[in-house]
1. Go through (1) modelled with pLDDT of 95 or more; (2) surrounded by fewer than 18 Cβ atoms within 10 Å (Cβ to Cβ); (3) closer than 30 Å to residue 164 by Cβ one by one and return the number of the condition residue 296 breaks.
2. I'd like the residue in the stretch 119-178 that is of a type in the set (Lys, Arg) and modelled with pLDDT of 95 or more and, out of all such residues, is farthest from residue 13 (Cα to Cα).
3. Does the stretch 450-460 hold any residues that are under 25 Å from residue 401 (Cβ atoms) and over 43 Å from the mean Cα position of the chain (by Cα), and which are they?
4. Restricting attention to the stretch 85-103, does a residue exist that is surrounded by fewer than 15 Cβ atoms within 10 Å (Cβ to Cβ), aromatic (Phe, Trp, Tyr) and assigned by TED's automatic domain parsing to the domain that holds residue 271?
5. If you scan the stretch 102-120, which residues turn out to be of a type outside the set (Lys, Arg) and over 20 Å from residue 24 (Cα atoms)?
6. Given the criteria outside the structural domain of residue 388 (by TED's automatic domain parsing) and of a type in the set (Gly, Ala, Ser), does residue 269 qualify?
7. Quick check, is residue 207 surrounded by fewer than 21 Cβ atoms within 10 Å (Cβ to Cβ), of a type in the set (Gly, Ala, Ser) and within 22 Å of the chain's Cα centre (by Cα)?
8. Given the conditions (1) more than 27 Å from residue 60 (Cα to Cα); (2) hydrophobic (A, V, I, L, M, F, W, C); (3) surrounded by 15 or more Cβ atoms within 10 Å (Cβ to Cβ), report the number of the one that residue 328 does not fulfil.
Amino acid sequence: MSDYQPTIGLEIHAQLRTRTKMFCDSVNDSDERHPNTNVCPVCLGHPGTLPVPNRAAIENVIRVGLALGGRINGAVKFDRKNYFYPDLPKAYQISQYDRPLVEGGTLQGVRIRRVHLEEDTADLRHEGGVSLVDFNRSGVPLMELVTEPDFRDADAVAAFARELQLILRYLGVSAADMEKGQMRIEANVSLNMGTKVELKNINSFRAVRDAIEYELRRQEDVIAGGGAVSQETRGWDEAKRKTVTQRSKEEAHDYRYFPDPDLPPFDTAIFDPETLRYSLPELPAARRERFVREYSLDAQQTEALVADPDLAKFYEEAISELRSRLSAGGEAALYNYLTSDLRGLMNQAAVSFADLKISPEGLAHLAVLIELKKVTSRQAKDILAAMFRTGADPEEIVKSEGIGISENTDEIQAVVAAVVAGEKAAVDDYRKGKTASLQFLIGKGMAKLKGRARPEMLKDLFERMLREE
């Protein structure tokens, strides 16, 4: 791409997490699988119905604007965006045109043009040669964020989209799950500020990157071949790994915006933006910096935690408990068992942190037992599994199941002697210089003791006994 300068701008839609829809009292539930269940005359577009704005949705967009450093406009209004399509029952969409809630702001060095609020459309289903309309999504609060064309490559786009998703989740305003359609990305792509092509129907971060990379190559090939890039809307075909034409756009669509007569202009002062600003949580960028500083984590470890707000919260609470129990140590074990073993158990059982039986205090106690060498790493995994099932304290599990490190030297020496006496072949191999046999003997001893010995103690006892004979 050395001879061509990519220019990419984004339009990102995110469904907002509110109890009800944008302009009515129908339930806002993206997980509803029964079509046309959460509907009413307002979101079905029946004549004579009147919309009433959802205060929580407006506050959510203001909070997003504040988090991005944007300017909250004072006097704002809703407008009607007019077009006809089967998923739009009123033949217009309530949106915002020239007076959006938020203007300006930046994220990862990319300038934000605006953030506004509108209602989502219905969902079209194409089955068996017919098209069906599900109005459950119709009227759901939808935030639209528009960037300036500041992107120069697909990787930067994907990184920006991931960070925005994370911010929305930290703010609690949207689950922003792309696979569920809760966050949707459209990219406007051109070369050398030439004809712009709009990419739609992108439902994953990988697809965003792949679609833009393909489209940049396609446009370069068109220009290099002496052709002209057509202004059009293209979609990403995952199976064919290419963008495909959806519809041509000879000129900009005229949506005939005009102020919605049913929704009078209002001043955002009634939402007290400054109070909302003080309610903002610690955002991902600030949390990354603090985790590195306070917990001496590297960039990869920090990102693994910060990428999941619930995981980061659990980690902080567990570390706080650990530090109250130990003056030093145990932090590496806590991180590893949380991000690897515990997350593995949670993923396998499809359990979220909200439903987890293990408390941060319980995990910290397990890390203490590991650090003080009261349990082995193998035992710790079994203890963690028992904690996951029951929620019991790890020390209770050690006592009730008779596990833990044995401090009975006579018992351990007797086991070592029994193994040496019973494994003559391995003993002879060791004395011939096959050091791997020592690990075999240690394994046998550990099995007889059911893991209740420190491997280093067994190694020392075996070496001494084998030298003495």
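The values are calculated or read from the model by the stated rules, or taken from the named source; none is laboratory data. Being a predicted model, the structure only gives us computed values, none of them experimental. As a convention, Cβ positions derive from the backbone with ideal geometry for all residues, glycine included, and neighbour counts pool all protein chains shown.
1. Against the list (1) modelled with pLDDT of 95 or more; (2) surrounded by fewer than 18 Cβ atoms within 10 Å (Cβ to Cβ); (3) closer than 30 Å to residue 164 by Cβ, residue 296 comes up short only on (1).
2. If we take residues in the stretch 119-178 being of a type in the set (Lys, Arg) and modelled with pLDDT of 95 or more, then 152 is farthest from residue 13 (Cα to Cα).
3. 457, 458
4. Yes.
5. 102, 103, 104, 105, 106, 107, 108, 109, 110, 112, 115 - these are the residues of the stretch 102-120 that are of a type outside the set (Lys, Arg) and over 20 Å from residue 24 (Cα atoms).
6. Considered against the rule, which asks whether it is outside the structural domain of residue 388 (by TED's automatic domain parsing) and of a type in the set (Gly, Ala, Ser), residue 269 comes out as yes.
7. For residue 207, the condition - surrounded by fewer than 21 Cβ atoms within 10 Å (Cβ to Cβ), of a type in the set (Gly, Ala, Ser) and within 22 Å of the chain's Cα centre (by Cα) - is met.
8. Going through the list (1) more than 27 Å from residue 60 (Cα to Cα); (2) hydrophobic (A, V, I, L, M, F, W, C); (3) surrounded by 15 or more Cβ atoms within 10 Å (Cβ to Cβ), residue 328 breaks only (3).
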